[in-house]
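Student: First the structure, which I've put down as structure tokens, then a few questions once you've had a look.
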Amino acid sequence: MTVVVTGATGFIGSHVVRALRRRGVRVRAVVRSATRGLEPEPDLEMVTVPDVGAPVRWSPILEGVDGVVHLAGRAHVLGEMSSDDVDLYRRTNVVGTRQLADAAARAGVKKFVFVSSSRAMGAYTAPSEAWSEDSPCRPDDVYGRTKLQAEQALEAIVAETGLNTIILRPPLVYGPGVGANMLELFRLIERGMPLPLGMVRNRRSLLYVGNLTDAIIHALESPSATSAKFLVSDGDSVSTAELARRIAAALRRPARVWSIPPALLRAAARIGDALERSVGTALPITTANVDRLTQSLVLDTGRIRADLGWRPPYDLEAGLRETAAWYLDTRAGAGIGPNELLDRPPVVREPMFKRPFDLCLSCVGLLLSAPLWAVIAASIWLEDGRPIFFRQPRIGRFGRMFRVLKFRSMFQNPADEEVQARRGDPRITRTGRLLRRTGLDELPQLWNILLGQMSFVGPRPQPEKERVSLGGVEQDVYIRDVPGYALRHLLRPGLTGPTQLFAPRAVPHRYKFKYDLVYVRKMAAAASRASLFGDLRMLVYDLSLVVRSVWIAVHARREV
């Protein structure tokens, strides 16, 4: 049996590939770029498809294939999105899925498994309500809408060609290799941070990645699996407070869950919403974030149990134990050698002094520099009017997007897209030239540091994409496609760091991350030997980089 797996190096895809190979299935792995995370072997063939949403010659890839597991897609991200981002969602999630299914039908593929999302139905249910496959779909964001549109495109292809298609709708998936919010929750609980969730009475369905992998393989192999869609979960529905307690038990840490009335959380969230609108920077306490912690999402998985006879092999406790074991093994890079760092990034623990250092220094810096802010703002306004600040989307820790704050140094609307400034750039104002020479254009990033989006020292805040000329054609290159780039997501981006100090300004964004590896490896090495002395040594190293940056700014040696 030969199976094509798209998104084969992703969180879910890597588990599916391993499970299929253990069952003796020959896997044809479709990846965005050749990485060292997968190496061709007798039962594993790698095929590079940089963009599944672009025109792709699928016929040679699907030749002799029995089944397809389609996992590649634009993942759910938080925050604001531009029209380009919305188009990217549609092209990847809808057009890419339609093109692959059309090609699979023409190639005579026997089974097509598409992993959609419960977000195709919406974001939340009432605590006493459970969605079934027949519940109405009301997606509330572009991710959910494009997943639903992809399902509808597949249903049209099924009606036209008879392609046997199984659609799976999972909720939040967790397990070894998980990132984003679930990884952050593990980190907070492991560090003993109190969580104000004790009075939250919601219910959440979750899905362990091992259960999702088993459901995918069951759909591929079961003769009774004919074209249909199924909700899939672990079966248990727990409150966010109970989830935190179970994670703490899996980590063998005390659960610090404080009983704060949800009404107070929502009131704080409304204040956060107002502040976010006024400053234009994402805050951790907003209505959207509080809703994710307090609202319910319950799925009824009776249909897949009845129609396919599928039962999740892991319960919630077992899944959390496996995830906790992975987290504890990898948080400090245990057992990972230098050559393996790019293949399997560790979960790097921040030194205990790093965040307090950032908080104290950013507060002092904001207070002391307040008069300077007024002078700079007046200079920008007198030369070119408002706005005073310039906000740019950047990739933060765990891949979260945030908006970095800077003093505007260019004339208004210099270009429709972000283009890296060069020495003598005519778009730079006179005030901006001075700000760039001294580094004062980045002074407002003290606010990003105070909010926890950045640190004083860390990898350079990178954009999600940059416009480059390839073969004489202008096109967008997404930084996430650079092999090994996920390493940067282990740490908060920094106001200063090896890249900011030593990388030439003319170096493209997609290459600057290599300078960041110096700092990431240093942090990973320190975390693998966690000790008070090691944390102090990293604090001294960070302080030395901050002092060097100040010295450079004072002597105005930065290029413009």
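Student: Would you mind listing the strands (runs of 3 or more DSSP E) fully within segment 403-480 where at least 1 residues are at pLDDT 80 or above?
Tutor: 455-457
Student: When you check Val238 against the structure, is it closer than 22 Å to Met121 by Cβ and either over 25 Å from the mean Cα position of the chain (by Cα) or in contact (Cβ under 8 Å) with a residue 60 or more places away in the chain (or both), yes or no?
Tutor: Considered against the rule, which asks whether it is closer than 22 Å to Met121 by Cβ and either over 25 Å from the mean Cα position of the chain (by Cα) or in contact (Cβ under 8 Å) with a residue 60 or more places away in the chain (or both), Val238 comes out as yes.
Student: I've got another one for you. Consider His70 carefully, then state whether it is at pLDDT 90 or above, more than 21 Å from Thr165 (Cβ to Cβ), in contact with a Leu (Cβ under 9 Å, 6 or more places away or on another chain) and not polar (S, T, N, Q).
Tutor: Judged against the criteria, His70 is not a match.
Student: Please tell me if Ser132 is of a type in the set (S, T, N, Q), closer than 29 Å to Gln295 by Cα, in contact (Cβ under 8 Å) with a residue 60 or more places away in the chain and in the same structural domain as Ala29 (by TED's automatic domain parsing).
Tutor: It is true that Ser132 is of a type in the set (S, T, N, Q), closer than 29 Å to Gln295 by Cα, in contact (Cβ under 8 Å) with a residue 60 or more places away in the chain and in the same structural domain as Ala29 (by TED's automatic domain parsing).
Student: Kindly list, by first and then second residue, each pair from a residue in segment 343-359 that is modelled with pLDDT under 60 to a residue that is polar (S, T, N, Q), limited to pairs with Cβ atoms under 9 Å and residues at least 6 apart or on different chains.
Tutor: That search, which allows pairs on different chains as well, returns Asp343/Thr35; Arg344/Thr330; Pro345/Thr330; Pro346/Thr330; Pro346/Ser528; Val347/Thr330.
Student: Identify the single condition in (1) surrounded by fewer than 22 Cβ atoms within 10 Å (Cβ to Cβ); (2) closer than 17 Å to Val298 by Cβ that Leu185 does not satisfy, given that it satisfies every other one.
Tutor: (2)
Student: From the list Asp140, Asp102, pick out the single residue that is on the phi < 0 side of the Ramachandran plot, free of Cβ contacts under 8 Å to residues at least 40 places away in the same chain and surrounded by fewer than 21 Cβ atoms within 10 Å (Cβ to Cβ).
Tutor: Selected residue: Asp140, the only one of Asp140, Asp102 that is on the phi < 0 side of the Ramachandran plot, free of Cβ contacts under 8 Å to residues at least 40 places away in the same chain and surrounded by fewer than 21 Cβ atoms within 10 Å (Cβ to Cβ).
Student: Yes or no: Pro254 closer than 30 Å to Asp134 by Cα and in contact (Cβ under 8 Å) with a residue 60 or more places away in the chain?
Tutor: No, not satisfied.
Student: Can you tell me which of (1) more than 28 Å from the chain's Cα centre (by Cα); (2) within 25 Å of Trp310 (Cβ to Cβ) is the one Arg106 doesn't meet?
Tutor: (2)
Student: In segment 290-310, which residue that is assigned to a strand (DSSP E or B) and among the aliphatic types (A, V, I, L, M) is farthest from the chain's Cα centre (by Cα)?
Tutor: In this case the residue turns out to be Leu299.
Student: Mind listing just one residue for me: the one in segment 43-66 that is touching a residue at least 24 places away in the same chain (Cβ under 8 Å) and in contact with a Ser or Thr (Cβ under 7 Å, 6 or more places away or on another chain) and, of those, surrounded by the fewest Cβ atoms within 10 Å (Cβ to Cβ)?
Tutor: Of everything passing the filter in segment 43-66, Gly64 is surrounded by the fewest Cβ atoms within 10 Å (Cβ to Cβ).
The values are calculated or read from the model by the stated rules, or taken from the named source; none is laboratory data. Please read these numbers as outputs of a predicted model, since none were measured by experiment. Neighbour counts run over all protein chains shown; Cβ positions are idealised from the backbone, glycine included.
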